[in-house]
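Visitor: Following this message is one structure expressed as structure tokens.
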Amino acid sequence: MADPTRKKPPLQVVREGNPGKRPISEGVRIPPAELSEPNWTDTFADVPGDQGAVNTRCREVASREWRRVVPVLEFTAGLGSVDTATLTDYCICVARIDQCEREISANGILIRGERGWQKNGATTIVGQYRNQLARYIRELGLSPSARVSIVPPEWDGDSDIWD
């Protein structure tokens, strides 16, 4: 059972992490650990044929999205290395949505199957990815309504916050 007298760490530490495992006291700011972009080839393998081209595009889309949102999130939300998995999953969702939308554009919403016309499976998959993406957007504060609940780290603009 948790000790009820133990102080909880400041939100800043929870948000940014404490990679040096330094003692935490109220008012102490710990510099955030740097977010490093994952190797997208681990997720979107380099394979021959059409799937290889699809995976190449997925890697490009995921990397572009990572480079777009990480600088913004580091500043607005003070994210650190503890958030790498969430950001990685967010970028994978964006890439998979792009992949599904391209499939739907190429083959249509309805496709000819063994039993006649049927719904393209990509329409179901893209819906599931969009639901997950909406959760990540709320969690990461990427929508206007979610940004209202995020309090950015305090900084007066003149001094170095690590002094």
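Visitor: Determine the shape class of the stretch 32-147: with a ≥ b ≥ c the square roots of the Cα gyration tensor eigenvalues, call it rounded for a/c under 1.5, and otherwise prolate if a/b is greater than b/c, oblate otherwise.
Guide: Judged from the Cα gyration tensor, the stretch 32-147 comes out oblate (a/c at least 1.5, b/c at or above a/b).
Visitor: Could you give each residue of the stretch 104-115 its phi-based ³J(HN,Hα) in whole Hz, using Karplus coefficients 6.51, -1.76, 1.60 with θ = phi - 60°, and x for Gly or Pro?
Guide: Once θ is set to phi - 60°, the couplings for the stretch 104-115 become 5, 5, 6, 10, x, 6, 10, 10, 7, x, 4, 10 Hz.
Visitor: Moving on. Within the set of other residues whose C-beta is less than 11 Å from the C-beta of Ala122, count the net charge using Lys and Arg as +1 and Asp and Glu as -1.
Guide: With Lys, Arg at +1 and Asp, Glu at -1, the neighbours total +1.
Visitor: Relative to the present Cα-Cα distance, how much length would full extension add between Ser105 and Val47 at 0.36 nm per residue of separation?
Guide: 18.6 nm
Visitor: Okay, moving on. Trypsin sites (Lys or Arg not before Pro), restricted to the stretch 46-134: which are DSSP loop and have at most 16 other Cβ atoms within 10 Å?
Guide: For trypsin sites (Lys or Arg not before Pro) across the stretch 46-134 that sit outside H, G, I, E and B with at most 16 neighbouring Cβ atoms in 10 Å, the list reads Arg115.
Visitor: Now for a separate question. Ranked by Cβ crowding within 10 angstrom, fewest neighbours first, how are Val94, Val54 ordered?
Guide: Taking fewest neighbouring Cβ atoms as first place, the list is Val54, Val94.
Visitor: Counting only the backbone N, which residues of the stretch 85-110 are under 19 Å from the spot 7 Å out from the Cα of Ala134 toward its beta-carbon?
Guide: Of the residues in the stretch 85-110, 90-98, 100-101 have backbone N under 19 Å from the label point off Ala134.
Bear in mind these aren't lab numbers, they're just calculated from the coordinates by the rules spelled out. Since the model is a prediction, treat every value here as computed from it, not as a measurement. Methodologically, a virtual Cβ is constructed for each residue, glycine included, from the backbone with ideal geometry; neighbour enumeration extends over all protein chains shown.
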